[in-house]
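For reference, the structure is listed below as structure tokens.
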Amino acid sequence: MLIALASAKGSPGVTTTATALAMTWQRDVVLADLDPAGGDVALRARTPNEDVLDPDVGLLSLAAAARRGLAPEEVPEHLQVIDGGTHVLAGVTRPEQVTGIGAVWTTIGSALRAVPETDVLVDCGRVTPGTPVLPVITAADALVVVVRPSLDSYAHVRDRLRWLSGPMQLEQPGATGTSSVGVLVVADPGERTVTQDLDRLLQHEGLPVRVLGRIGRDKRAAEALAGRWSRRLNRSLLMRSAREVRDSIAELSPSDPAAAS
């Protein structure tokens, strides 16, 4: 199962959300950093031995393999393990590195979607017209849009979802491309009505989108997540909220075993 996470505009916390979800996921999972603007996972994360990640192993090596044809079983060769035990596909650190990936994005998306017995959570950065990772997003079983609670942010999400409803066929579940879309709101604990407010807006617009819940805005935990894993982090608001929404995210996909049972 392939789940793409992205934002409509700005930096609402897609990487932090994707990382927290991967670290709390209940099945075998890979966190793939495909942000074309330059990902943060390769820069922030450390191995269990506190070493930096190998810059030659990740998206760039996977793209090189994809030019020769890429079987899903080959994806694990390009993964690294970070502190906390999560397997990651490290992304590019500079935007210009994306240029060389070119036409193999479709191959990469297909391979990630079919990794045997493994779910893949993909950080796609901002979803904008012309984004090179659109083939990965359209290959995904589901798209999760991450947003902060404000009127302008909600307006951007609404407009981006309108744009996506064409190429991604959001109104036709089971069609080629993403068939399910959900929204996560990154909010402070006191902002209790944010999900209901957003749900009313999307329902009014007639968009087939599900508001999945709220990720706790937890600056201290987000900063710690960029460094070394700890048991204290596991009990943080960020990680608790990730555990609360993970099942709703998994159930977005029609191929989710739990949803099908």
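Summary of computed values
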read-out: Hits in the range 18-32 (condition: among the hydroxyl-bearing types (Ser, Thr, Tyr) and at pLDDT 95 or above); value: none
read-out: Boolean, Leu212 is modelled with pLDDT of 85 or more, touching a strand residue (DSSP E or B) at 6+ places or on another chain (Cβ under 8 Å) and either among the β-branched types (Val, Ile, Thr) or more than 21 Å from Asp141 (Cα to Cα) (or both); value: no
read-out: Selection status of Thr99, on the phi < 0 side of the Ramachandran plot, crowded, with 17+ Cβ neighbours inside 10 Å and either outside any loop (DSSP other than H, G, I, E, B) or not acidic (Asp, Glu) (or both); value: no
read-out: Verdict on Asp141 being of a type in the set (Asp, Glu), under 12 Å from Val14 (Cβ atoms) and in contact (Cβ under 8 Å) with a residue 40 or more places away in the chain; value: no
read-out: Subset tally (residues that are under 12 Å from the mean Cα position of the chain (by Cα) and more than 20 Å from Ala139 (Cα to Cα)) for the range 1-14; value: 1
read-out: Number of the exception - Val92 against (1) buried (at least 16 other Cβ atoms within 10 Å of the Cβ); (2) over 23 Å from Thr138 (Cα atoms); (3) of a type in the set (A, V, I, L, M); value: (2)
read-out: Verdict on Ala71 being surrounded by fewer than 22 Cβ atoms within 10 Å (Cβ to Cβ), farther than 30 Å from Leu233 by Cα and either among the acidic types (Asp, Glu) or touching a Leu at 6+ places or on another chain (Cβ under 9 Å) (or both); value: no
read-out: Boolean, Leu198 is in contact with a Pro (Cβ under 8 Å, 6 or more places away or on another chain), assigned to a helix (DSSP H, G or I) and modelled with pLDDT of 85 or more; value: yes
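The values are calculated or read from the model by the stated rules, or taken from the named source; none is laboratory data. This structure is a prediction, so every number in the text was calculated from the model and none was measured. Backbone-built Cβ (ideal geometry, glycine too); neighbour counts: all protein chains shown.
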